[in-house]
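The values are calculated or read from the model by the stated rules, or taken from the named source; none is laboratory data. If you're wondering where the values come from, they're calculated on a predicted model, not measured in any experiment. Note that we place each Cβ from the backbone using ideal geometry, even for glycine, and neighbour counts take in every protein chain shown. Keep in mind that these areas ignore ligands, DNA and RNA; they rest on the heavy atoms of the full protein, side chains included. Shrake-Rupley method; radii C 1.70, N 1.55, O 1.52, S 1.80 Å.
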Protein chains: 2
Amino acid sequence: MRVFWDPVQLSHTPRFFLVRGQLRPHLEVPARAEALLAACRELRMEIAAPSPADTDALLAVHTSDYLDFLRHAAAAWSALADAAEEALPNTHPVPEMLASGGRMPEGLPGRVGWYTTDLACPIGAGTWEAAEAAAACAIATADVAAGGGNAYALARPPGHHAYAARAGGHCYLNNAAMAAARLRAKGASRVAVLDIDSHHGNGTQGVFWRRADVLFVSVHGDPNRYYPWYTGHADERGAGAGEGFNMNLPLPFGTGDDGWLAAIRAGIKAIRQFGAEALVVSLGFDASRDEPLNALAVSAEGFARAGAEIGELRLPTAIIQEGGYNLAVIGSLLTRFMSSFCDTSTAAV
Amino acid sequence: MRVFWDPVQLSHTPRFFLVRGQLRPHLEVPARAEALLAACRELRMEIAAPSPADTDALLAVHTSDYLDFLRHAAAAWSALADAAEEALPNTHPVPEMLASGGRMPEGLPGRVGWYTTDLACPIGAGTWEAAEAAAACAIATADVAAGGGNAYALARPPGHHAYAARAGGHCYLNNAAMAAARLRAKGASRVAVLDIDSHHGNGTQGVFWRRADVLFVSVHGDPNRYYPWYTGHADERGAGAGEGFNMNLPLPFGTGDDGWLAAIRAGIKAIRQFGAEALVVSLGFDASRDEPLNALAVSAEGFARAGAEIGELRLPTAIIQEGGYNLAVIGSLLTRFMSSFCDTSTAAV
């Protein structure tokens with residue numbers, strides 16, 4: 001299988017994020033990509049550079065004002081007096097503000113809050129370049145799937161917490177959502193997104209909430225105890241035309257292979273019933289029992305079985321890297337997942 | 001004039017807030033109250049302890065679930081593993097989440113974000129007790145005004161950035177809004193709130209946005225460059241029944257006495273036209289040219305003139321302390337404001 005990768009993605013080097021009242025070293029570090037890349041080499045995957053990100057593909061999910069903000073934020077921030085090296089929000093436009101006259105301000109600190117959800121997505125030198133390159137990898141992967149094949153986007157920063165005009169949870173551009181939109185644009189009439197990162201894919205849910213042409217399925221740790229906190233419950237099923245096309249499978253903390261794979265199987269069943277013509281997988285490894293976040297307890301064998309069962313869908317598939325932060329295991333988890341996926345998927349190139 | 005003060009307010013000792021990506025020492029410190037109290041003593045004001053905060057008066061502005069949260073948050077936070085001493089949010093329920101199934105989570109870190117706007121209002125041991133005592137001072141002050149007199153609430157933490165169910169900008173309970181609601185409950189048919197803190201009183205605006213019985217007037221620094229960033233523009237005039245009963249007078253950075261007093265005069269004119277029967281003043285000193293925040297450039301004489309002109313309204317008045325962070329000047333600014341106010345207000349007790 002082909003993997004799309006651009007070393008520009010290493011230029012995003014977030015330093016800190018706020019956890020329980022303290023600034024701590026960021027987990028979404030360049031070394032993650034290097035560990036995953038080493039696994040791809042071991043698997044003898046074909047490593048390809050993507051074409052530059054297609055503007056229409058970015059705009060299919062994101063707003064042009066948000067893209068402009070992200071492109072220029074780091075340089076503008078570095079010109080602020082008394083500012084840290086990377087932009088972090090310190091206030092957000094809460095619903096009460098928007099219900100009583102609130103609007104986007106001219107000043108950069110206010111704009112950083114306008115375009116972010118939380119304290120986990122600092123914007124520094126290289127953030128835009130890396131996010132754009134990750135998007136390019138995801139779009140290239142979707143183009144392979146649009147041609148009937150499978151491919152993997154070694155995408156970093158990840159994307160599934162990003163909304164149309166908002167970064168959040170280590171994510172800036174929603175790579176999986178752009179891949180799904182690209183598959184639609186290239187002719188697949190029904191596209192499914194299966195998100196097995198341990199965090200709810202709230203951004204992807206938000207992007208497709210009112211759409212019936214993209215089925216979103218997410219398997220994740222209980223949001224009552226875990227980021228993104230406010231979304232990810234089973235009764236969130238979409239709205240309007242999209243009602244019934246959003247499926248959340250939250251799992252209790254500590255869930256191991258059996259519970260996790262049963263949820264993935266339920267998602268796969270829904271994807272079959274939906275009649276998906278193409279699949280996007282948001283592939284995170286943070287459900288591993290070896291993860292520092294420690295919400296779920298999936299083994300390496302569990303990831304191998306997930307790869308096999310998803311492969312058995314035999315759909316053209318764009319696999320998009322999301323989270324996974326234990327540098328000692330994510331490479332071997334990718335190896336296990338990909339080997340099994342390729343073994344069962346007849347669509348494999 | 002009587003000043004209401006409860007030393008319990010000193011028990012709120014916030015350590016840090018996030019400014020431009022860095023955790024910095026908090027500005028809203030107990031020593032502020034001590035500096036203002038010394039000025040009250042110098043003015044020979046009668047210092048009185050308030051009655052405990054009336055539950056109905058709290059509930060006239062705030063929701064019971066929010067009050068429960070604030071009351072118990074610090075103790076619950078201290079039981080979290082790996083947490084800082086005081087609760088700070090790291091994510092918020094942004095509009096996209098609420099539009100795609102979002103709800104309040106069970107877990108405390110998510111609840112802290114649910115009930116806050118920003119990183120400027122840490123919740124620690126003593127925060128609830130101090131906020132409740134500040135509210136009691138504001139309510140007691142309103143009760144004096146309801147009897148035709150004037151009084152001053154030495155309220156800390158301040159209140160004007162707090163919404164019905166959300167803390168923000170050093171504020172937890174909206175003291176001025178509770179005072180205005182108390183005046184309404186005690187029979188004043190029309191109440192005006194004049195907010196001369198250098199920051200827009202976004203919480204108070206939000207509380208009364210759809211109400212015609214409370215006129216809100218705020219004179220403040222341009223929100224395009226300044227907290228609360230998203231609100232405070234002149235064209236925010238209220239909605240529904242409240243349309244036309246919200247008046248914002250934003251001023252360019254660097255505005256001095258003339259511009260500031262002209263805006264206050266415009267507000268006073270609107271209060272007269274409204275036919276207010278009682279007045280609440282949100283009194284901040286951060287418009288001072290000596291303030292660390294440095295948005296406006298008002299002199300001590302400017303504050304004296306503001307006191308005189310507001311006193312000339314000759315309305316029963318509840319003066320509620322809001323911001324002001326230069327410990328070297330806030331006491332003398334209070335002295336100048338209060339002396340002039342008392343000289344001109346015939347309603348003075």
Of all residues in the range B:92-117, how many are open to solvent by 10 Å² or more (accessible area, probe 1.4 Å), more than 7 Å from chain A (Cβ to nearest Cβ) and in contact with a strand residue (DSSP E or B) (Cβ under 9 Å, 6 or more places away or on another chain)? 2
A:Arg314 being closer than 21 Å to A:Gln273 by Cβ, open to solvent by 10 Å² or more (accessible area, probe 1.4 Å) and outside any strand (DSSP E or B): yes
Only residues that are surrounded by fewer than 14 Cβ atoms within 10 Å (Cβ to Cβ) and either aromatic (Phe, Trp, Tyr) or within 7 Å of chain B (Cβ to nearest Cβ) (or both): list them for the range A:77-91, please. A:Asp82
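Conditions tested, residue by residue: (1) in contact with a helix residue (DSSP H, G or I) (Cβ under 8 Å, 6 or more places away or on another chain); (2) surrounded by 19 or more Cβ atoms within 10 Å (Cβ to Cβ); (3) assigned to a helix (DSSP H, G or I).
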position: A:Asp258; (1), (2), (3): no, no, yes
position: A:Ile268; (1), (2), (3): yes, yes, yes
position: A:Asn294; (1), (2), (3): no, no, no
position: A:Phe303; (1), (2), (3): yes, yes, yes
position: A:Ile320; (1), (2), (3): yes, yes, no
position: A:Thr335; (1), (2), (3): yes, yes, yes
Tell me, yes or no, whether the range A:240-247 has at least one residue that is touching a Pro at 6+ places or on another chain (Cβ under 8 Å) and more than 10 Å from chain B (Cβ to nearest Cβ). no
Filtering the range B:248-270 down to residues that are touching an Asp or Glu at 6+ places or on another chain (Cβ under 7 Å) and either within 12 Å of chain A (Cβ to nearest Cβ) or among the β-branched types (Val, Ile, Thr) (or both) yields B:Asn248, B:Pro250, B:Phe253, B:Ile264, B:Ile268
Is it the case that B:His170 is in contact (Cβ under 8 Å) with a residue 40 or more places away in the chain and at negative phi? no
Consider B:Ser218 carefully, then state whether it is among the small types (Gly, Ala, Ser), in contact with a His (Cβ under 6 Å, 6 or more places away or on another chain), more than 13 Å from chain A (Cβ to nearest Cβ) and closer than 26 Å to B:Val29 by Cα. no
Here is a list of conditions, (1) surrounded by 24 or more Cβ atoms within 10 Å (Cβ to Cβ); (2) free of Cβ contacts under 8 Å to residues at least 60 places away in the same chain; (3) more than 10 Å from every other protein chain (Cβ to nearest Cβ), and A:Trp128 meets all of them except one; can you say which number that is? (1)
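Within the range A:56-66, is even one residue of a type in the set (Val, Ile, Thr), in contact (Cβ under 8 Å) with a residue 60 or more places away in the chain and at the interface with chain B (Cβ under 7 Å from one of its Cβ atoms)?
Narrowing the range A:56-66 to residues of a type in the set (Val, Ile, Thr): A:61, A:63.
Pick out the ones that are also in contact (Cβ under 8 Å) with a residue 60 or more places away in the chain and you get A:61, A:63.
Now restrict to residues that are at the interface with chain B (Cβ under 7 Å from one of its Cβ atoms): none.
No, every residue in the range A:56-66 fails to be of a type in the set (Val, Ile, Thr), in contact (Cβ under 8 Å) with a residue 60 or more places away in the chain and at the interface with chain B (Cβ under 7 Å from one of its Cβ atoms).
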Scanning the range A:270-292 residue by residue, those part of a helix (DSSP H, G or I), of a type outside the set (S, T, N, Q) and open to solvent by 10 Å² or more (accessible area, probe 1.4 Å) turn out to be A:Ala270, A:Arg272, A:Phe274
For the range A:43-52, state whether one or more residues are in contact with a Cys (Cβ under 6 Å, 6 or more places away or on another chain) and either buried (at least 18 other Cβ atoms within 10 Å of the Cβ) or not hydrophobic (A, V, I, L, M, F, W, C) (or both). yes
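Which one is most open to solvent (accessible area, probe 1.4 Å), of the residues in the range B:224-249 that are touching a residue at least 40 places away in the same chain (Cβ under 8 Å) and within 15 Å of B:Leu293 (Cβ to Cβ)?
Filtering first and then ranking leaves B:Arg225.
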Pair list, Cβ < 8 Å and 6+ apart or interchain, from the range A:324-349 residues that are farther than 16 Å from A:Met45 by Cα to residues that are modelled with pLDDT under 95 and surrounded by fewer than 15 Cβ atoms within 10 Å (Cβ to Cβ): A:Tyr325/A:Pro292; A:Asn326/A:Pro292
Within the range A:185-207, residues being surrounded by fewer than 24 Cβ atoms within 10 Å (Cβ to Cβ) and free of Cβ contacts under 8 Å to residues at least 60 places away in the same chain number 2
Taking the range A:76-108 and keeping residues without any contact (Cβ under 8 Å) to a residue 60 or more places away in the chain, outside any helix (DSSP H, G or I) and of a type in the set (Asp, Glu) leaves A:Asp82, A:Glu106
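Residues in the range A:133-140: is at least one open to solvent by 20 Å² or more (accessible area, probe 1.4 Å), within 22 Å of the chain's Cα centre (by Cα) and more than 9 Å from every other protein chain (Cβ to nearest Cβ)?
Within the range A:133-140, the subset open to solvent by 20 Å² or more (accessible area, probe 1.4 Å) is none.
No, that holds for no residue.
Would you call B:Arg210 within 11 Å of another protein chain (Cβ to nearest Cβ), open to solvent by 10 Å² or more (accessible area, probe 1.4 Å), touching a Pro at 6+ places or on another chain (Cβ under 9 Å) and among the basic types (Lys, Arg)? Write out each step before concluding.
Values: within 11 Å of another protein chain (Cβ to nearest Cβ): yes; open to solvent by 10 Å² or more (accessible area, probe 1.4 Å): yes; touching a Pro at 6+ places or on another chain (Cβ under 9 Å): no; among the basic types (Lys, Arg): yes.
No.
Out of all the residues in the range B:269-306, which are under 20 Å from B:Val191 (Cβ atoms) and of a type in the set (Lys, Arg)?
Going through the range B:269-306, the residues under 20 Å from B:Val191 (Cβ atoms) turn out to be B:269-284, B:306.
If the condition is that a residue be under 20 Å from B:Val191 (Cβ atoms) and of a type in the set (Lys, Arg), then B:Lys269, B:Arg272 are the ones that fit.
Give, as residue ranges, the strands (runs of 3 or more DSSP E) completely inside the range A:1-59 that count at least 1 residues that are closer than 28 Å to B:Leu23 by Cα and β-branched (Val, Ile, Thr).
Working: elements: A:2-4, A:16-19, A:22-25, A:46-48.
Correct list: A:16-19.
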Matching option when the condition is in contact (Cβ under 8 Å) with a residue 60 or more places away in the chain and open to solvent by less than 20 Å² (accessible area, probe 1.4 Å), among A:Ala73, A:Ala120: A:Ala120
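Name the single residue that is surrounded by the most Cβ atoms within 10 Å (Cβ to Cβ) among those in the range A:171-184 being in contact with a strand residue (DSSP E or B) (Cβ under 7 Å, 6 or more places away or on another chain) and under 13 Å from A:Ala53 (Cα atoms). Full working, then the answer.
First, the residues of the range A:171-184 that are in contact with a strand residue (DSSP E or B) (Cβ under 7 Å, 6 or more places away or on another chain): A:175-176, A:179-180, A:183-184.
This time we only want the ones that are under 13 Å from A:Ala53 (Cα atoms), so: A:175, A:179.
Working: A:Asn175: 34, A:Ala179: 37.
Going through the qualifying residues, I end up with A:Ala179.
When you go through A:Arg182, A:Arg156 one by one, which is the residue that is in contact (Cβ under 8 Å) with a residue 40 or more places away in the chain, more than 14 Å from chain B (Cβ to nearest Cβ) and outside any helix (DSSP H, G or I)? First the steps, then the outcome.
Values: A:Arg182 fails: outside any helix (DSSP H, G or I).
Criteria check complete, one pass: A:Arg156.
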